[in-house]
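The values are calculated or read from the model by the stated rules, or taken from the named source; none is laboratory data. For clarity, every value in this text was computed on a predicted model and none was experimentally measured. When we count neighbours, we look across all protein chains shown, and the Cβ atoms used for this are built from the backbone with ideal geometry, even at glycine.
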Amino acid sequence: MPVPVILDCDPGHDDAMAILLAVAHPAIDLRAVTTVAGNQTVAKTALNARRMLSLAGAHQVPVAAGCDRPLSGALEIGDYVHGESGLDGPAFGEPVVPLDPRHGVDLMHDTLAAAGEPMTIVAIGPLTNVATLLRRHPGDRERIREIVIMGGSVDRGNHTPYAEFNIYADPEAAAEVLDSGVPTTWVGLNVSHQALVTADVLARLSALGTPLAELCVELLTFFGTTYQRTWGFEAPPLHDPITVAYLIDPAVLGHVHVGLRVELDGTHTRGATVADLHGRMDWAPNANVGLTLDRERFWDLMIGAVDALGRSGDERR
């Protein structure tokens with residue numbers, strides 16, 4: 001049976017690819033998309049989600065804008081990676097998918113209440129919406145099977161030396177979600193840096209020969225230029241779709257169940273995730289933490305999704 005999913009995101013080039021994968025694969029039943037301020041402002045991330053769902057032909061999936069700032073502290077956005085629009089690179093037309101008038105947290109709650117079965121939340125931006133949901137509706141914990149998170153790292157960070165952007169953007173929210181009692185699986189930078197968009201990946205996408213595939217090449221090429229300029233990467237890592245790929249094929253992600261903490265107070269480490277991989281602390285295991293990626297399986301899923309949506313788009317035209 002397909003996994004019923006709410007996708008909470010902040011598109012973002014890698015979020016855009018995660019949306020395509022979630023729409024394309026029959027193992028995922030995408031019920032709603034909510035957006036949060038992160039890679040860009042919440043108005044821009046909502047527009048970008050509508051753009052990608054429109055391109056994917058998923059006109060029935062509701063999209064709502066959620067929280068426009070973290071639980072505490074000032075908003076920081078990732079425009080130095082994703083550009084002024086949040087999806088710089090290709091040109092987009094007007095989306096046909098409308099903006100749902102509800103607040104994103106209300107859409108999440110309503111979707112969970114209507115599901116009739118526990119759902120999975122895939123959270124690939126700052127965790128503000130998810131934490132706010134659990135604050136406002138604590139009973140929704142019983143309606144969530146799992147929260148799969150792109151965030152953190154067991155190694156170094158990217159936004160700061162030790163903090164990954166999604167967690168740094170709202171560490172209080174991340175800590176609340178981690179401590180909520182809902183099962184969580186974390187896909188950190190140490191995993192996503194194994195999913196580099198190398199020249200062979202771009203060549204495979206280009207060879208599909210569809211307008212959607214060409215748009216993806218343009219997106220990922222822009223993404224690559226900012227990664228090269230900011231961090232010196234030869235090829236950019238495609239972080240967010242790994243969360244969706246894991247739900248489709250759990251063998252994509254190798255993980256361990258260990259004690260995990262979010263650093264809230266460190267002068268130089270605020271927003272870092274601390275995983276007790278060697279059992280040195282007296283921490284009960286509380287999270288699944290990703291360590292390895294089956295790169296071939298992952299890219300086969302991602303490129304297959306772009307191919308399927310591109311061909312169905314040709315049929316719609």
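Numbers below:
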quantity: Pair list, Cβ under 6 Å, 6 or more apart: the range 73-87 residue β-branched (Val, Ile, Thr), other residue buried (at least 16 other Cβ atoms within 10 Å of the Cβ); calculated: ILE77/GLN40; VAL81/THR226
quantity: Among the residues listed as ARG156, ARG141, ARG135, ARG145, the single one being without any contact (Cβ under 8 Å) to a residue 60 or more places away in the chain, surrounded by fewer than 24 Cβ atoms within 10 Å (Cβ to Cβ) and assigned to a strand (DSSP E or B); calculated: ARG145
quantity: Residue match in the range 86-99 (condition: on the phi > 0 side of the Ramachandran plot and surrounded by fewer than 16 Cβ atoms within 10 Å (Cβ to Cβ)); calculated: no
quantity: Matching residues in the range 159-170 - criterion: being part of a loop (DSSP other than H, G, I, E, B) and polar (S, T, N, Q); calculated: THR160
quantity: GLY38 surrounded by 24 or more Cβ atoms within 10 Å (Cβ to Cβ) and out of contact with any strand residue (DSSP E or B) (no Cβ under 8 Å at 6 or more places or on another chain); calculated: yes
quantity: Residue match in the range 53-64 (condition: surrounded by fewer than 24 Cβ atoms within 10 Å (Cβ to Cβ), at positive phi and at pLDDT 95 or above); calculated: yes
